[in-house]
1. By DSSP, what percent of the beta bridges with both residues in the chain are antiparallel, rounded to the nearest 5?
2. Please report the equivalent ellipsoid semi-axes of segment 21-120, computed as sqrt(5 x eigenvalue) of the Cα gyration tensor, largest first, in whole Å.
3. Using the Kirkwood radius over Cα pairs, work out the Stokes-Einstein diffusion coefficient for segment 89-200 at 20 °C and 1.002 mPa s, in µm²/s as a whole number.
4. Of the options 116, 81, 59, report the single residue whose Cα projects farthest towards the positive end of the charge dipole of the chain (beta-carbon charges: Lys, Arg +1; Asp, Glu -1).
5. What number, rounded to the nearest 500 deg cm²/dmol, is the helix-based mean residue ellipticity at 222 nm of the chain, given -39500 (n - 2.57) per DSSP H run of at least four residues and division by all its residues?
6. Averaged across orientations, what area in nm² does the convex hull of the alpha carbons in segment 73-147 project?
7. Roughly how many debye, to the nearest 20, is the charge dipole of the chain about its Cα centre, given +1 on each Lys and Arg Cβ, -1 on each Asp and Glu Cβ, and no other charges?
8. With r as the distance between the Cβ atoms of residue 169 and residue 52 and R0 = 45 Å, compute the FRET efficiency 1/(1 + (r/R0)^6) and round to 0.05.
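The numbers here are math on the coordinates, done by the rules we state, and not lab data. Since the structure is predicted, the reported quantities are computational estimates derived from the model, not experimental observations. Please note: Cβ atoms are built from the backbone with ideal geometry, for glycine as well, and neighbour counts cover all protein chains shown.
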Amino acid sequence: MPQNFSELAHAAKTAQVDAAGLESALRRHLRGEVRFDAGSRALYATDGSNYRQVPIGVVLPRDADDVVAAITLAREFSAPILCRGGGTSLAGQCCNVAVVLDFSKYMAEILEVDPARRVARVQPGVILDHLRNAAEKHHLTFAPDPASHDRCTLGGMIGNNSCGVHSIMAGKTDDNVEELEILTYDGLRMKVGETSDQEL
């Protein structure tokens, strides 16, 4: 088993993925940042846990088109993907030998807060406290409040179904999500939400 970062990085490099070819393709097709250097990979090898998994590379998509392109190229190169928010997971959820998509830099906008409907539309990289501050202007909040509320992102919270002490009052993250726009690894893009028996 690898004992240090160099050995871990070598193990990731020798995976069955043409990392150099994938990096080159990503740089040609994305507007966002593509980071396959050793330093960036080391930064993304950990989260709030003790786990270490050196990623193949890191992508910071600028928009949804970048996400589609990154996943398309990862699929073409048979590279796994892993979406990451604030890196606050305590059980290694955002560490893997994969292409890490970090939404926290460019895809971190609150698109809308609708106080009448008590709904907000956000991008996955929005930090929880930023949403809560925007909602509080309308005397609203987002109930789940993990201890990392000042740095965790909504995308990460959805992935982990985050809770917190106030989730007893208003539910976990999945209890507070109306609709998601998702993209599957095979390229299917759709909106999902509550479905009635008739719709099924």
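1. 60
2. Computed over segment 21-120, the values are 25, 19, 11 Å.
3. Estimated via Stokes-Einstein, D reaches 141 µm²/s.
4. Result: 59, furthest along the dipole toward the positive end.
5. Rounded to the nearest 500, it is -8000 deg cm²/dmol.
6. For the Cα atoms of segment 73-147, the hull's average projected area reads 6.4 nm².
7. Computed about the Cα centre, the dipole is about 560 debye.
8. Computed FRET efficiency for residue 52 and residue 169 comes out at 0.80.
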